[in-house]
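Structure record follows, encoded as C-alpha coordinates.
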Amino acid sequence: MKCQECSDQLLAYLEGELTMDERNRIDHHLSQCDNCRVIRDEISNACQSLDKLPKPSETMAKRFSAALSAYKSGQLEGIRLLEGEQRKRTWIESIARNGYAQAAVIIFAFLIGILVSQSISTQETNGNRFDVIETELASLKEFTALSLLTQTSAVERLRGLEWLSELNLESEQVLEALYDKLNNDPNINVRFAALETLDAYAEKEEVRRKLVQLLETPNLPMIRAELIKLLVRHAEKDSVPTLIQISQDANEDETIRELATWSSQVLQQMNTDEI
Amino acid sequence: MLQARNGDLETLNVLFERYCGMLYSFFMKRTQEHSLSEDLTQEVFLRVLRYRASFKDDGNFKGWLFGIARNIQNRHWEKRYTKSEILHEDIGNEEAIEIVDARDQPDAEASRSGDTALLYQALERLSEEKRQIVIMRRIQNLSYIEMARILDCEANQLRVRVCRAVAELAKHMKSLIKERPYEMPGMQ
(Lines give C-alpha, C1' and ligand atoms only; values in the text may rest on other atoms or scores of the structure.)
Protein backbone atom coordinates (compact mmCIF):
# COMPACT_ATOMS: atom_id res chain seq x y z
CA MET A 1 0.00 0.00 0.00
CA LYS A 2 1.31 3.44 -0.92
CA CYS A 3 1.28 6.36 1.54
CA GLN A 4 -1.23 8.40 -0.51
CA GLU A 5 -3.70 5.51 -0.59
CA CYS A 6 -3.32 5.07 3.16
CA SER A 7 -3.61 8.75 4.11
CA ASP A 8 -6.72 9.17 1.94
CA GLN A 9 -8.47 6.51 4.00
CA LEU A 10 -7.32 7.57 7.45
CA LEU A 11 -10.48 9.49 8.32
CA ALA A 12 -12.73 6.59 7.32
CA TYR A 13 -10.35 4.34 9.29
CA LEU A 14 -10.73 6.50 12.42
CA GLU A 15 -14.49 6.75 11.91
CA GLY A 16 -14.81 2.95 11.68
CA GLU A 17 -16.19 3.18 8.15
CA LEU A 18 -13.82 0.61 6.59
CA THR A 19 -14.26 -3.13 6.05
CA MET A 20 -12.14 -5.51 8.12
CA ASP A 21 -9.90 -6.20 5.14
CA GLU A 22 -9.32 -2.49 4.40
CA ARG A 23 -8.66 -1.87 8.05
CA ASN A 24 -6.05 -4.64 8.27
CA ARG A 25 -4.22 -3.22 5.25
CA ILE A 26 -4.10 0.24 6.85
CA ASP A 27 -2.93 -1.22 10.18
CA HIS A 28 -0.18 -3.06 8.37
CA HIS A 29 0.97 0.11 6.56
CA LEU A 30 0.83 2.21 9.73
CA SER A 31 3.01 -0.29 11.58
CA GLN A 32 5.74 0.41 9.02
CA CYS A 33 5.29 4.12 8.19
CA ASP A 34 6.11 6.90 10.68
CA ASN A 35 4.87 9.62 8.32
CA CYS A 36 1.36 8.12 7.99
CA ARG A 37 1.17 7.62 11.76
CA VAL A 38 1.83 11.36 12.21
CA ILE A 39 -0.93 12.18 9.69
CA ARG A 40 -3.30 9.79 11.50
CA ASP A 41 -2.64 11.55 14.81
CA GLU A 42 -3.14 14.99 13.25
CA ILE A 43 -6.45 13.95 11.67
CA SER A 44 -7.52 12.37 14.95
CA ASN A 45 -6.73 15.57 16.91
CA ALA A 46 -8.54 17.75 14.36
CA CYS A 47 -11.60 15.48 14.61
CA GLN A 48 -11.57 15.68 18.40
CA SER A 49 -11.51 19.48 18.20
CA LEU A 50 -14.31 19.51 15.61
CA ASP A 51 -16.41 17.23 17.83
CA LYS A 52 -16.28 19.82 20.62
CA LEU A 53 -17.89 22.52 18.47
CA PRO A 54 -21.59 23.25 18.99
CA LYS A 55 -23.77 21.45 16.43
CA PRO A 56 -26.73 22.92 14.58
CA SER A 57 -29.91 21.17 15.72
CA GLU A 58 -31.66 18.70 13.46
CA THR A 59 -34.87 20.70 13.76
CA MET A 60 -33.32 23.66 11.94
CA ALA A 61 -34.08 22.20 8.49
CA LYS A 62 -37.59 21.23 9.65
CA ARG A 63 -38.23 24.78 10.84
CA PHE A 64 -37.19 26.19 7.50
CA SER A 65 -39.29 23.63 5.67
CA ALA A 66 -42.32 24.61 7.81
CA ALA A 67 -41.73 28.30 7.10
CA LEU A 68 -41.45 27.54 3.39
CA SER A 69 -44.74 25.58 3.44
CA ALA A 70 -46.48 28.46 5.26
CA TYR A 71 -45.10 30.87 2.67
CA LYS A 72 -46.30 28.68 -0.18
CA SER A 73 -49.81 28.39 1.28
CA GLY A 74 -49.94 32.17 1.68
CA GLN A 75 -48.68 32.59 -1.87
CA LEU A 76 -51.35 30.21 -3.21
CA GLU A 77 -54.07 32.14 -1.42
CA GLY A 78 -52.65 35.33 -2.90
CA ILE A 79 -52.61 33.85 -6.41
CA ARG A 80 -56.21 32.67 -6.01
CA LEU A 81 -57.22 36.16 -4.88
CA LEU A 82 -55.41 37.79 -7.80
CA GLU A 83 -56.93 35.34 -10.28
CA GLY A 84 -60.37 36.10 -8.87
CA GLU A 85 -59.80 39.85 -9.34
CA GLN A 86 -58.42 39.24 -12.82
CA ARG A 87 -61.48 37.21 -13.87
CA LYS A 88 -63.81 39.90 -12.52
CA ARG A 89 -61.89 42.66 -14.34
CA THR A 90 -61.75 40.76 -17.66
CA TRP A 91 -65.50 40.18 -17.62
CA ILE A 92 -66.28 43.84 -16.95
CA GLU A 93 -63.67 45.12 -19.44
CA SER A 94 -64.93 42.90 -22.28
CA ILE A 95 -68.45 44.26 -21.85
CA ALA A 96 -67.21 47.84 -21.64
CA ARG A 97 -65.23 47.48 -24.91
CA ASN A 98 -67.90 45.67 -26.91
CA GLY A 99 -70.88 47.80 -28.03
CA TYR A 100 -73.02 44.76 -28.93
CA ALA A 101 -72.36 43.27 -25.59
CA GLN A 102 -73.38 46.54 -23.91
CA ALA A 103 -76.66 46.60 -25.85
CA ALA A 104 -77.28 42.94 -25.14
CA VAL A 105 -76.77 43.53 -21.43
CA ILE A 106 -79.21 46.49 -21.42
CA ILE A 107 -81.93 44.62 -23.37
CA PHE A 108 -81.41 41.51 -21.36
CA ALA A 109 -81.64 43.43 -18.13
CA PHE A 110 -84.76 45.26 -19.30
CA LEU A 111 -86.55 42.09 -20.43
CA ILE A 112 -85.85 40.08 -17.40
CA GLY A 113 -85.87 42.87 -14.85
CA ILE A 114 -87.28 40.53 -12.34
CA LEU A 115 -83.97 38.74 -12.26
CA VAL A 116 -82.06 41.91 -11.40
CA SER A 117 -82.59 41.35 -7.75
CA GLN A 118 -81.17 37.86 -8.12
CA SER A 119 -78.22 39.31 -10.05
CA ILE A 120 -77.54 41.68 -7.17
CA SER A 121 -77.68 38.83 -4.74
CA THR A 122 -75.14 36.96 -6.96
CA GLN A 123 -72.82 39.94 -6.82
CA GLU A 124 -73.20 39.96 -3.09
CA THR A 125 -72.19 36.31 -3.08
CA ASN A 126 -69.08 37.24 -5.11
CA GLY A 127 -68.33 39.95 -2.60
CA ASN A 128 -68.76 37.47 0.18
CA ARG A 129 -66.34 35.11 -1.59
CA PHE A 130 -63.67 37.82 -1.52
CA ASP A 131 -64.44 38.48 2.12
CA VAL A 132 -63.98 34.78 2.82
CA ILE A 133 -60.60 34.77 1.04
CA GLU A 134 -59.50 37.86 2.94
CA THR A 135 -60.57 36.26 6.20
CA GLU A 136 -58.66 33.09 5.29
CA LEU A 137 -55.55 35.13 4.51
CA ALA A 138 -55.83 37.02 7.79
CA SER A 139 -56.21 33.79 9.74
CA LEU A 140 -53.21 32.30 7.92
CA LYS A 141 -51.10 35.33 8.88
CA GLU A 142 -52.37 35.13 12.43
CA PHE A 143 -51.59 31.41 12.56
CA THR A 144 -48.04 31.97 11.28
CA ALA A 145 -47.41 34.80 13.75
CA LEU A 146 -48.79 32.77 16.67
CA SER A 147 -46.68 29.77 15.58
CA LEU A 148 -43.59 31.95 15.69
CA LEU A 149 -44.46 32.89 19.29
CA THR A 150 -44.21 29.24 20.31
CA GLN A 151 -40.71 28.75 18.85
CA THR A 152 -37.91 27.81 21.23
CA SER A 153 -35.69 30.57 19.91
CA ALA A 154 -36.14 34.06 21.37
CA VAL A 155 -35.33 35.70 18.02
CA GLU A 156 -38.18 33.78 16.34
CA ARG A 157 -40.58 34.82 19.11
CA LEU A 158 -39.50 38.44 18.70
CA ARG A 159 -40.17 38.10 14.98
CA GLY A 160 -43.66 36.74 15.77
CA LEU A 161 -44.35 39.83 17.89
CA GLU A 162 -43.07 42.08 15.10
CA TRP A 163 -45.50 40.39 12.71
CA LEU A 164 -48.39 40.81 15.13
CA SER A 165 -47.68 44.51 15.58
CA GLU A 166 -47.49 44.99 11.79
CA LEU A 167 -50.67 43.01 11.11
CA ASN A 168 -52.58 44.70 13.93
CA LEU A 169 -54.71 41.61 14.57
CA GLU A 170 -57.28 41.87 17.30
CA SER A 171 -58.50 38.38 18.05
CA GLU A 172 -58.84 37.11 21.60
CA GLN A 173 -56.27 34.42 20.81
CA VAL A 174 -53.69 37.07 19.86
CA LEU A 175 -54.30 39.06 23.02
CA GLU A 176 -54.05 35.92 25.20
CA ALA A 177 -50.75 35.05 23.51
CA LEU A 178 -49.46 38.56 24.19
CA TYR A 179 -50.47 38.45 27.86
CA ASP A 180 -48.78 35.08 28.16
CA LYS A 181 -45.54 36.36 26.57
CA LEU A 182 -45.60 39.41 28.83
CA ASN A 183 -45.81 37.38 32.01
CA ASN A 184 -44.16 34.06 31.24
CA ASP A 185 -41.62 34.33 28.44
CA PRO A 186 -38.15 33.25 29.60
CA ASN A 187 -36.49 36.07 27.66
CA ILE A 188 -36.74 39.63 28.94
CA ASN A 189 -36.53 41.16 25.45
CA VAL A 190 -39.54 39.12 24.35
CA ARG A 191 -41.48 40.36 27.41
CA PHE A 192 -40.59 43.94 26.50
CA ALA A 193 -41.66 43.41 22.91
CA ALA A 194 -44.97 41.87 24.07
CA LEU A 195 -45.62 44.94 26.22
CA GLU A 196 -44.78 47.25 23.31
CA THR A 197 -47.22 45.34 21.11
CA LEU A 198 -49.91 45.51 23.79
CA ASP A 199 -49.39 49.28 24.00
CA ALA A 200 -51.05 49.54 20.59
CA TYR A 201 -54.12 47.66 21.89
CA ALA A 202 -54.33 49.56 25.18
CA GLU A 203 -56.94 51.96 23.84
CA LYS A 204 -59.40 49.16 24.51
CA GLU A 205 -60.82 49.15 28.00
CA GLU A 206 -60.74 45.36 28.35
CA VAL A 207 -57.02 45.31 27.47
CA ARG A 208 -56.25 47.96 30.08
CA ARG A 209 -58.30 46.04 32.64
CA LYS A 210 -56.31 42.91 31.91
CA LEU A 211 -53.04 44.85 32.18
CA VAL A 212 -54.06 46.08 35.63
CA GLN A 213 -54.70 42.47 36.62
CA LEU A 214 -51.26 41.50 35.28
CA LEU A 215 -49.71 44.24 37.38
CA GLU A 216 -50.94 42.34 40.43
CA THR A 217 -49.03 39.22 39.37
CA PRO A 218 -45.26 38.82 39.83
CA ASN A 219 -42.98 39.92 37.01
CA LEU A 220 -39.46 41.28 36.51
CA PRO A 221 -39.08 44.79 38.04
CA MET A 222 -38.13 46.30 34.67
CA ILE A 223 -41.27 44.92 33.06
CA ARG A 224 -43.43 46.07 35.98
CA ALA A 225 -41.96 49.57 35.66
CA GLU A 226 -42.79 49.71 31.95
CA LEU A 227 -46.27 48.32 32.62
CA ILE A 228 -46.93 51.06 35.19
CA LYS A 229 -45.70 53.72 32.75
CA LEU A 230 -48.01 52.30 30.07
CA LEU A 231 -51.03 52.50 32.38
CA VAL A 232 -50.22 56.11 33.24
CA ARG A 233 -49.78 56.97 29.57
CA HIS A 234 -53.23 55.56 28.90
CA ALA A 235 -54.63 57.33 31.99
CA GLU A 236 -55.97 54.10 33.46
CA LYS A 237 -57.51 55.38 36.68
CA ASP A 238 -58.70 51.90 37.68
CA SER A 239 -55.08 50.98 38.29
CA VAL A 240 -54.84 53.43 41.24
CA PRO A 241 -55.84 50.91 43.99
CA THR A 242 -53.31 48.39 42.69
CA LEU A 243 -50.63 51.10 42.46
CA ILE A 244 -51.32 52.22 46.04
CA GLN A 245 -51.09 48.61 47.17
CA ILE A 246 -47.72 48.25 45.41
CA SER A 247 -46.43 51.50 46.88
CA GLN A 248 -47.21 50.21 50.38
CA ASP A 249 -45.82 46.69 49.90
CA ALA A 250 -42.59 46.36 51.91
CA ASN A 251 -41.50 43.34 49.84
CA GLU A 252 -41.72 45.28 46.62
CA ASP A 253 -38.66 46.65 44.81
CA GLU A 254 -37.84 50.17 46.07
CA THR A 255 -37.82 51.75 42.59
CA ILE A 256 -41.14 50.14 41.71
CA ARG A 257 -42.67 51.41 44.96
CA GLU A 258 -41.53 54.97 44.20
CA LEU A 259 -42.82 54.74 40.65
CA ALA A 260 -46.16 53.34 41.87
CA THR A 261 -46.53 56.19 44.41
CA TRP A 262 -45.80 58.82 41.76
CA SER A 263 -48.08 57.14 39.20
CA SER A 264 -51.03 56.80 41.58
CA GLN A 265 -50.71 60.53 42.46
CA VAL A 266 -50.54 61.53 38.79
CA LEU A 267 -53.59 59.43 37.92
CA GLN A 268 -55.60 60.77 40.87
CA GLN A 269 -54.82 64.35 39.90
CA MET A 270 -55.86 63.79 36.29
CA ASN A 271 -58.99 65.60 35.29
CA THR A 272 -61.66 63.42 33.76
CA ASP A 273 -61.74 65.81 30.78
CA GLU A 274 -58.09 65.13 30.08
CA ILE A 275 -58.84 61.45 29.86
CA MET B 1 -31.25 28.62 -7.24
CA LEU B 2 -32.48 29.47 -10.74
CA GLN B 3 -35.14 26.78 -10.32
CA ALA B 4 -36.23 28.36 -7.03
CA ARG B 5 -36.27 31.80 -8.63
CA ASN B 6 -38.48 30.47 -11.42
CA GLY B 7 -41.07 29.15 -8.99
CA ASP B 8 -39.84 25.72 -7.85
CA LEU B 9 -39.61 26.65 -4.16
CA GLU B 10 -39.03 23.05 -3.04
CA THR B 11 -35.43 23.36 -4.30
CA LEU B 12 -34.84 25.82 -1.47
CA ASN B 13 -35.07 22.90 0.96
CA VAL B 14 -32.15 21.24 -0.88
CA LEU B 15 -30.15 24.47 -0.85
CA PHE B 16 -30.87 24.83 2.85
CA GLU B 17 -29.56 21.31 3.52
CA ARG B 18 -26.47 22.08 1.47
CA TYR B 19 -25.53 25.42 3.00
CA CYS B 20 -27.09 25.60 6.47
CA GLY B 21 -24.01 24.08 8.14
CA MET B 22 -21.67 26.56 6.50
CA LEU B 23 -23.89 29.49 7.41
CA TYR B 24 -24.30 28.22 10.96
CA SER B 25 -20.50 28.02 11.36
CA PHE B 26 -20.14 31.46 9.75
CA PHE B 27 -22.44 32.95 12.41
CA MET B 28 -21.01 30.82 15.24
CA LYS B 29 -17.54 32.17 14.52
CA ARG B 30 -18.85 35.72 14.75
CA THR B 31 -21.54 35.56 17.46
CA GLN B 32 -20.44 32.54 19.54
CA GLU B 33 -24.11 31.88 20.32
CA HIS B 34 -25.72 28.66 19.16
CA SER B 35 -29.41 29.68 19.15
CA LEU B 36 -28.66 33.03 17.58
CA SER B 37 -26.55 31.40 14.86
CA GLU B 38 -29.41 29.06 14.02
CA ASP B 39 -31.85 31.96 13.88
CA LEU B 40 -29.60 34.04 11.67
CA THR B 41 -29.13 31.04 9.36
CA GLN B 42 -32.92 30.81 9.05
CA GLU B 43 -33.07 34.53 8.43
CA VAL B 44 -30.63 34.22 5.52
CA PHE B 45 -32.84 31.67 3.82
CA LEU B 46 -36.03 33.59 4.51
CA ARG B 47 -34.37 36.49 2.65
CA VAL B 48 -33.31 34.18 -0.16
CA LEU B 49 -36.98 33.23 -0.41
CA ARG B 50 -38.16 36.83 -0.30
CA TYR B 51 -35.60 38.28 -2.70
CA ARG B 52 -35.12 35.27 -5.00
CA ALA B 53 -36.26 37.35 -7.99
CA SER B 54 -33.15 39.53 -7.66
CA PHE B 55 -30.80 36.56 -8.22
CA LYS B 56 -29.18 36.94 -11.65
CA ASP B 57 -28.96 34.22 -14.30
CA ASP B 58 -25.17 34.17 -14.29
CA GLY B 59 -24.91 34.90 -10.58
CA ASN B 60 -22.63 33.14 -8.13
CA PHE B 61 -25.03 31.64 -5.59
CA LYS B 62 -22.50 31.16 -2.79
CA GLY B 63 -21.29 34.76 -3.17
CA TRP B 64 -24.87 36.04 -3.14
CA LEU B 65 -25.80 33.87 -0.14
CA PHE B 66 -22.84 34.96 1.97
CA GLY B 67 -23.41 38.57 0.94
CA ILE B 68 -26.89 38.27 2.50
CA ALA B 69 -25.34 36.59 5.56
CA ARG B 70 -22.89 39.45 6.03
CA ASN B 71 -25.68 42.04 5.75
CA ILE B 72 -27.76 40.17 8.31
CA GLN B 73 -24.80 39.94 10.65
CA ASN B 74 -24.09 43.70 10.36
CA ARG B 75 -27.73 44.55 10.93
CA HIS B 76 -27.85 42.24 13.92
CA TRP B 77 -24.90 44.01 15.56
CA GLU B 78 -26.44 47.41 14.86
CA LYS B 79 -29.71 46.31 16.46
CA ARG B 80 -27.99 44.77 19.47
CA TYR B 81 -25.94 47.92 19.99
CA THR B 82 -28.99 50.18 19.76
CA LYS B 83 -31.02 47.98 22.09
CA SER B 84 -28.34 47.94 24.79
CA GLU B 85 -28.00 51.71 24.48
CA ILE B 86 -31.74 52.16 25.04
CA LEU B 87 -31.72 49.88 28.06
CA HIS B 88 -28.78 51.78 29.55
CA GLU B 89 -30.58 55.07 29.09
CA ASP B 90 -33.81 53.86 30.64
CA ILE B 91 -32.46 51.97 33.58
CA GLY B 92 -28.90 53.10 33.99
CA ASN B 93 -27.97 49.69 35.27
CA GLU B 94 -25.76 47.28 33.36
CA GLU B 95 -27.34 44.28 35.04
CA ALA B 96 -30.58 45.30 33.46
CA ILE B 97 -29.60 43.63 30.19
CA GLU B 98 -30.12 40.30 31.81
CA ILE B 99 -30.97 37.44 29.50
CA VAL B 100 -33.48 35.34 31.34
CA ASP B 101 -33.34 32.63 28.70
CA ALA B 102 -31.19 30.00 30.40
CA ARG B 103 -30.57 28.22 27.10
CA ASP B 104 -28.48 31.17 25.90
CA GLN B 105 -25.93 30.80 28.66
CA PRO B 106 -24.29 27.39 28.10
CA ASP B 107 -23.99 28.27 24.40
CA ALA B 108 -21.81 31.21 25.06
CA GLU B 109 -19.71 29.46 27.69
CA ALA B 110 -19.18 26.38 25.56
CA SER B 111 -17.81 28.30 22.66
CA ARG B 112 -15.68 31.05 24.10
CA SER B 113 -12.42 29.21 24.45
CA GLY B 114 -9.44 30.26 22.40
CA ASP B 115 -9.23 26.80 20.82
CA THR B 116 -12.69 27.19 19.37
CA ALA B 117 -11.78 30.54 17.85
CA LEU B 118 -8.64 28.98 16.41
CA LEU B 119 -10.61 26.12 14.92
CA TYR B 120 -13.09 28.48 13.24
CA GLN B 121 -10.15 30.45 11.94
CA ALA B 122 -8.58 27.29 10.53
CA LEU B 123 -11.91 26.35 8.92
CA GLU B 124 -12.03 29.69 7.18
CA ARG B 125 -8.60 29.02 5.68
CA LEU B 126 -10.02 26.04 3.80
CA SER B 127 -11.51 26.54 0.37
CA GLU B 128 -15.32 26.83 0.40
CA GLU B 129 -15.75 23.37 -1.05
CA LYS B 130 -13.48 21.75 1.54
CA ARG B 131 -15.02 23.73 4.42
CA GLN B 132 -18.48 22.67 3.33
CA ILE B 133 -17.72 18.94 3.36
CA VAL B 134 -15.81 19.10 6.65
CA ILE B 135 -18.72 20.92 8.28
CA MET B 136 -21.30 18.54 6.84
CA ARG B 137 -19.41 15.46 7.97
CA ARG B 138 -17.85 16.50 11.26
CA ILE B 139 -20.13 19.29 12.58
CA GLN B 140 -23.51 18.36 11.14
CA ASN B 141 -22.66 14.65 11.52
CA LEU B 142 -24.20 13.73 8.16
CA SER B 143 -23.43 10.28 6.76
CA TYR B 144 -21.43 10.02 3.53
CA ILE B 145 -24.56 8.69 1.82
CA GLU B 146 -26.64 11.69 2.94
CA MET B 147 -23.86 14.04 1.86
CA ALA B 148 -23.63 12.32 -1.52
CA ARG B 149 -27.39 12.84 -1.98
CA ILE B 150 -27.27 16.52 -1.03
CA LEU B 151 -24.12 17.30 -3.02
CA ASP B 152 -25.03 14.98 -5.88
CA CYS B 153 -21.75 13.02 -5.99
CA GLU B 154 -20.27 9.60 -5.13
CA ALA B 155 -20.05 8.62 -1.44
CA ASN B 156 -16.68 6.87 -1.89
CA GLN B 157 -15.14 9.94 -3.51
CA LEU B 158 -16.50 12.03 -0.66
CA ARG B 159 -14.73 9.85 1.92
CA VAL B 160 -11.39 10.69 0.30
CA ARG B 161 -12.18 14.38 -0.20
CA VAL B 162 -13.30 14.85 3.42
CA CYS B 163 -10.20 13.04 4.63
CA ARG B 164 -7.91 15.33 2.62
CA ALA B 165 -9.82 18.40 3.81
CA VAL B 166 -9.53 17.36 7.49
CA ALA B 167 -5.79 16.70 7.02
CA GLU B 168 -5.44 20.19 5.56
CA LEU B 169 -7.48 21.64 8.43
CA ALA B 170 -5.09 19.95 10.88
CA LYS B 171 -2.15 21.64 9.14
CA HIS B 172 -3.86 25.05 9.31
CA MET B 173 -4.51 24.53 13.03
CA LYS B 174 -0.86 23.67 13.56
CA SER B 175 0.38 26.77 11.76
CA LEU B 176 -2.17 28.99 13.55
CA ILE B 177 -0.91 27.70 16.90
CA LYS B 178 2.61 28.64 15.84
CA GLU B 179 1.42 32.12 14.78
CA ARG B 180 -0.36 32.69 18.09
CA PRO B 181 1.49 35.24 20.28
CA TYR B 182 3.15 33.79 23.34
CA GLU B 183 1.12 34.19 26.52
CA MET B 184 2.70 34.39 29.94
CA PRO B 185 1.45 31.62 32.22
CA GLY B 186 -1.49 32.86 34.29
CA MET B 187 -2.12 35.84 32.02
CA GLN B 188 -5.19 35.61 29.86
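Would you point out the residue of region A:143-174, among those that are within 14 Å of the chain's Cα centre (by Cα) and farther than 30 Å from residue B:33 by Cβ, that is modelled with the highest pLDDT? Going through the qualifying residues, I end up with A:173. Within region A:246-275, the residues that satisfy the criterion of being of a type in the set (S, T, N, Q) and either open to solvent by less than 80 Å² (accessible area, probe 1.4 Å) or in contact (Cβ under 8 Å) with a residue 12 or more places away in the chain (or both) are A:247, A:255, A:261, A:263, A:264, A:268, A:271. Do you know which residues across region B:7-22 are open to solvent by less than 30 Å² (accessible area, probe 1.4 Å) and facing another protein chain (nearest Cβ under 9 Å)? Those that are open to solvent by less than 30 Å² (accessible area, probe 1.4 Å) and facing another protein chain (nearest Cβ under 9 Å): B:9, B:12, B:16, B:20, B:21.
This table checks each residue for (1) in contact with a helix residue (DSSP H, G or I) (Cβ under 6 Å, 6 or more places away or on another chain); (2) modelled with pLDDT of 95 or more; (3) at the interface with chain B (Cβ under 7 Å from one of its Cβ atoms); (4) more than 18 Å from residue B:161 (Cβ to Cβ).
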site: A:19; (1), (2), (3), (4): no, no, no, yes
site: A:24; (1), (2), (3), (4): no, no, no, yes
site: A:27; (1), (2), (3), (4): no, no, no, yes
site: A:35; (1), (2), (3), (4): no, no, no, yes
site: A:39; (1), (2), (3), (4): yes, no, yes, no
site: A:46; (1), (2), (3), (4): yes, no, yes, no
site: A:50; (1), (2), (3), (4): yes, no, yes, no
site: A:60; (1), (2), (3), (4): yes, no, yes, yes
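Note on region A:181-194: residues that are under 17 Å from residue A:156 (Cβ atoms), in contact with a helix residue (DSSP H, G or I) (Cβ under 8 Å, 6 or more places away or on another chain) and in a helix (DSSP H, G or I) total 8.
The values are calculated or read from the model by the stated rules, or taken from the named source; none is laboratory data. Bear in mind that the values here come from a model prediction, so they are computed numbers and not experimental data. Virtual Cβ from ideal backbone geometry, glycine too; neighbours counted across all protein chains shown. Areas reflect the complete protein model, heavy atoms only, side chains present, ligands, DNA and RNA absent. Shrake-Rupley method; radii C 1.70, N 1.55, O 1.52, S 1.80 Å.
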